[in-house]
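The values are calculated or read from the model by the stated rules, or taken from the named source; none is laboratory data. Keep in mind the model is a prediction, meaning the values are calculated, not measured. Every residue, glycine as well, gets a Cβ built from its backbone with ideal geometry; the counts of neighbours run over all protein chains shown.
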Amino acid sequence: MIELNSGLQEPGLEQALAQLQAILIPGESVEAWATQRRIFALAHRRMLIAATSGRLIWLVRRLVSGFDVVNLRWQDLSEVNLRVGVFGAELVIRADQVTDLAINAQQGARLITIQGLRKEQAQGVYRICQAQDQAWREKRRIRELEELRARSGGVQVGTGGYAPTGGGGPGAAAGTSDAVRRLQEAKQMLDSRLITDAEYESIKARILAGG
């Protein structure tokens, strides 16, 4: 059961946390949660946001009864920012509609802004978001690196290096063109900081060696 923060007693909060607990899937746990201060929800029902082991969830209370639930998978998170003011904190979350380990984001980015959160709670959610964002960035970097290595592994650049200029026939020319393309891809990854200098040099050496 999700516990109330020490010293925090507000009408309806226990019900919201019970609803949050009810929608968790087996094995999923809440790592941090935050709720809006009442003063920031005068024109709408208050929101509760929770960072779990598998996703980001926010609950919006309906006017009469019940809750609306919105989910964001960690792999779709592309950026999160925290703004802390005098009376509350604000989380600004950018999400891209992507597949689990996709390299390039698809159309349909979302920008979610949640204002008036309690500072300490918002900072806790922010830390989890940052950790998940970094973890998924690293997963995508490794995936892209593996794909690049797989593509470069079959390159044949002549016999023992580059094919001589003006010789080697169409096959050698095609191999050289393929090697140039793969070198350009590796350089783009280096410029985008997806791979290190050492990894770039290793890939380049393998391509030039025809391995």
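Below, the figures for the structure above:
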quantity	calculated
Criterion violated by Gln107 - all others in (1) more than 23 Å from Glu120 (Cα to Cα); (2) modelled with pLDDT of 80 or more satisfied	(2)
Subset of the range 179-211 (residues that are hydroxyl-bearing (Ser, Thr, Tyr) and assigned to a helix (DSSP H, G or I))	Tyr200, Ser202
Positions within the range 180-211 being modelled with pLDDT under 80 and touching a Gly at 6+ places or on another chain (Cβ under 8 Å), in sequence order	Leu208, Ala209, Gly210, Gly211
Lone unmet requirement of (1) modelled with pLDDT of 85 or more; (2) part of a helix (DSSP H, G or I) for Leu48	(2)
Close pairs from the range 183-205: first closer than 16 Å to Glu138 by Cα, partner of a type in the set (Phe, Trp, Tyr), Cβ under 7 Å, at least 6 apart	Leu190/Tyr200
Whichever residue in the range 177-201 is among the small types (Gly, Ala, Ser) and farther than 11 Å from Leu148 by Cβ and, among such residues, is surrounded by the most Cβ atoms within 10 Å (Cβ to Cβ)	Ala179
